[in-house]
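Visitor: The structure that follows is given in the form of structure tokens.
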Amino acid sequence: MKPAFKTPSWVLAALDERRCQDLMRHTVTLDSPQVPHTHINGRPYTAFCSNDYLGLANHPALIRAMQQSADEYGVGGGASHLVAGHLAPHQRLEEALADWLGYERVLLFSTGYMANLGVISALANKQRPVIQDKLNHASLIDGAQLAQAPMRRYLHANPLSAKKLMMKSEQSGLLVTDGVFSMDGDIAPLSELSALASQHDWTFMVDDAHGLGCLGKEGRGSLALSDLGMTQVPLLMGTFGKAFGTSGAFVATTHDFADYLTQFARPYVYTTSMSPAMAGASLAALQLISSQEGSDRRAKLAEHIDYFRQRMSDLPVELMASNTAIQPVVIGESSATLDVSEQLKALGVWCTAIRPPTVPNGKARLRITLSAGHSKQDLVLLCDALEQVLTAK
């Protein structure tokens, strides 16, 4: 009989440390579609922690489009885009996205994380630096690390801080920011940053995963709020796993950058393409987002945001300066945040506690996300539950 595998002591020590700090993470299994009224572990909850901002993840039109695309083109991409995995649904989706956003080209990626890794690792290197916001998503940070590029992080949403770092750099490189910050919900000062990049001959990149679909005319995202386009932001990353309600990601860019990334972005070159069925569903999502129904859903989401912030303003809690679907309620310590999350669950509200290292120490929070899929009654339930828990003696 072979001896049992012995887990290395350093693995056990790291896990013990996480447990002692109330930082252990666990997978939760939903027993229903991705909808506000879900079932988890056999119990019903109203969920407020999904990124399905427009409530499209279970939309009948997307389901039909995915079925029809699967019927015609199958389920698997079968190969990378550059071998034999670029099917007609992929091409239609790329062209529709480029037309919608006003960019010359779009490249599809399997995930937003891979898109950011691919773009930054291809465009940065040991001599070509990256300057990015201190609160940028982990994938943007990891892309610069993968490139082994000199990386400096400016004070959050502070163009003056970014300029100081630029002035210290001997060579121009990439200036990178989230459009909407995933943990705080605020919007980057894109006009100021784009002007800064242009002035100092840096290439400006925006990750608008949490803005596209939700903000701006026809849902074109945070760039549309500032009337920016390809000239000012030649690299725009977006995902389908948030407001689009599907999965995958894309980079909208110029012809030259698209050609360059096709040669040198390893996560693009060496990855099987997304399912053509998923591409069909994502195209249906784009059509909804840019339609009157999309406008109506954004209006409903805006009403939810206004109501939530008005109700929270009277409570003894730190509410962050966000006018987006992401409405963080900062509790502070991890243990206290876990306790609040559990009390909300007892009242039928599911909202996961977000703790370090995802957020800074002492800034653990409930990352409440609102959706057009929620009803007004859902918002009343959430606010009543928060009031009861946060004002309890």
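Visitor: Could you pull out every residue, at least 5 positions away or on a different chain, whose amide H is within less than 5 Å of the one on residue 109? Hs are placed 1.01 Å off N in the peptide plane, and Pro or chain starts have none.
Guide: 249, 250, 251
Visitor: Work out from phi, with θ = phi - 60° and the Karplus expression 6.51 cos²θ - 1.76 cosθ + 1.60, the ³J(HN,Hα) of each residue of the range 357-371, listed in order in whole Hz, and give x for Gly and Pro.
Guide: x, 4, 10, x, 4, x, 10, 4, 7, 8, 8, 7, 10, 9, 9
Visitor: One-quarter of the Cα convex hull surface for the chain, in nm²?
Guide: Working: hull surface 90.6 nm².
Result: 22.7 nm².
Visitor: Between residue 28 and residue 313, what length in nm is gained on full extension when 0.36 nm per residue of separation is reduced by their alpha carbon distance? Don't skip to the end; give the middle numbers.
Guide: On the way: separation 285, 0.36 × 285 = 102.60 nm, distance 3.09 nm.
Computed gain between residue 28 and residue 313 is 99.5 nm.
Visitor: Take 351, 20 and sort them by solvent-accessible surface of the protein heavy atoms, 1.4 Å probe, largest at the top. Before the final figure, lay out each step's value.
Guide: Numbers: 351 0, 20 115 Å².
Final ranking, largest accessible area leading: 20, 351.
Visitor: Not counting ligands, DNA or RNA, and with a 1.4 Å probe, what is residue 257's accessible surface area in Å² rounded to the nearest 10?
Guide: 50
Visitor: Moving on. Please give the calculated 222 nm ellipticity per residue for the chain, where each DSSP H segment of at least 4 residues contributes -39500 (n - 2.57) and the sum is spread over every residue; nearest 500 deg cm²/dmol? Don't skip to the end; give the middle numbers.
Guide: Numbers: 14 runs with 163 residues, N = 393.
So the helix-based figure for the chain works out to -13000 deg cm²/dmol.
Visitor: A 20 angstrom limit on the alpha carbon distance is what I want to check against. Which of 134/164; 164/363; 217/300 exceed it? Spell out each step's value before the answer.
Guide: Working: 134/164 14 Å; 164/363 27 Å; 217/300 15 Å.
From the list (134/164; 164/363; 217/300), the Cα-Cα distance tops 20 Å for 164/363.
Visitor: Could you size up the charge dipole of the range 38-131 around its Cα centre, putting +1 on the beta carbon of Lys and Arg and -1 on that of Asp and Glu, and report it in debye to the nearest 20?
Guide: On the way: 6 positive and 7 negative charges, 83 e Å.
It comes to approximately 400 debye.
Visitor: OK, next. Considering the dipole of the range 60-290 built from charges on the beta carbon (Lys and Arg +1, Asp and Glu -1) around the Cα centre, which of 66, 204, 110 is farthest to its positive end?
Guide: 204
Visitor: Got a number for the accessible area of residue 92? Probe 1.4 Å, square angstrom, nearest 10.
Guide: 110
Visitor: Taking amide hydrogens as modeled 1.01 Å from N in the peptide plane, which residues meet the under 5 Å criterion relative to residue 158, leaving out close sequence neighbours?
Guide: Amide H neighbours of residue 158: none.
Visitor: If you average the sequence gap of Cα pairs under 8 Å that are 6 or more apart and divide by the length of the chain, what percent do you get for the contact order? Before the final figure, lay out the partial values.
Guide: Working: 777 pairs, mean separation 86.3, N = 393.
The value is 22 percent.
Visitor: What percent does the relative contact order of the range 241-366 come to when contacts are Cα pairs within less than 8 Å and at least six residues apart? Please report the intermediate quantities before stating the final value.
Guide: On the way: 99 pairs, mean separation 20.3, N = 126.
Averaging sequence separation for qualifying contacts and normalising by length gives 16 percent for the range 241-366.
Visitor: So, one more: Any chance you could look up the accessible area of residue 239 with a 1.4 Å probe, heavy atoms only, rounded to 10 Å²?
Guide: Rounded to the nearest 10, the figure is 10 Å².
Visitor: Here is a further query. Compute log10 of I(q)/I(0) for the range 1-80 with the Debye formula, placing one identical point scatterer on every Cα and leaving out solvent, at q = 0.16, 0.20, 0.22 Å⁻¹, to two decimals.
Guide: Debye curve over Cα of the range 1-80, log10 I(q)/I(0) at q = 0.16, 0.20, 0.22 Å⁻¹: -0.88, -0.97, -1.05.
Visitor: Work out from phi, with θ = phi - 60° and the Karplus expression 6.51 cos²θ - 1.76 cosθ + 1.60, the ³J(HN,Hα) of each residue of the range 100-113, listed in order in whole Hz, and give x for Gly and Pro.
Guide: 4, 8, x, 10, 6, 9, 9, 10, 8, 10, 6, 8, x, 4
Visitor: Here's another thing I want to ask about it. How big is the dipole moment of the chain about its Cα centre under a simple scheme where the beta carbon of each Lys and Arg is +1, that of each Asp and Glu is -1, and everything else is neutral? Debye, nearest 20, please.
Guide: Details: 33 positive and 37 negative charges, 201 e Å.
Using only the charged Cβ atoms, the result is roughly 960 debye.
Visitor: Let me ask something else about it. For residue 372, which sequence-distant residues (separation of 5 or more, or a different chain) have an amide H within less than 5 Å of its own amide H, given hydrogens modelled in the peptide plane?
Guide: Amide H neighbours of residue 372, under 5 Å, 5+ apart: 54, 55.
Visitor: So how do 289, 354, 187 rank on accessible area, 1.4 Å probe, biggest first, that is with the largest at the start? Working shown, then result.
Guide: Working: 289 0, 354 35, 187 70 Å².
Largest accessible area first, the list is 187, 354, 289.
Visitor: Right, next: In debye, nearest 20, what is the charge dipole magnitude of the range 60-290 about its Cα centre with +1 on Lys and Arg Cβ and -1 on Asp and Glu Cβ, if you could check?
Guide: Values: 15 positive and 20 negative charges, 114 e Å.
Using only the charged Cβ atoms, the result is roughly 540 debye.
Visitor: Leaving ligands, DNA and RNA out of it, rank 201, 384, 31, 207 by accessible area with a 1.4 Å probe, largest first. It would help to have the intermediate numbers written out before the result.
Guide: Numbers: 201 115, 384 70, 31 95, 207 10 Å².
Listed by decreasing accessible area, they come as 201, 31, 384, 207.
The values are calculated or read from the model by the stated rules, or taken from the named source; none is laboratory data. Quantities reported herein were computed from a predicted structural model and do not represent experimental measurements. Cβ coordinates were reconstructed from backbone atoms using ideal geometry, including for glycine residues, and neighbour counts include every protein chain displayed. Surface accessibility is based on the protein's heavy atoms, side chains included, excluding ligands, DNA and RNA. Shrake-Rupley method; radii C 1.70, N 1.55, O 1.52, S 1.80 Å.
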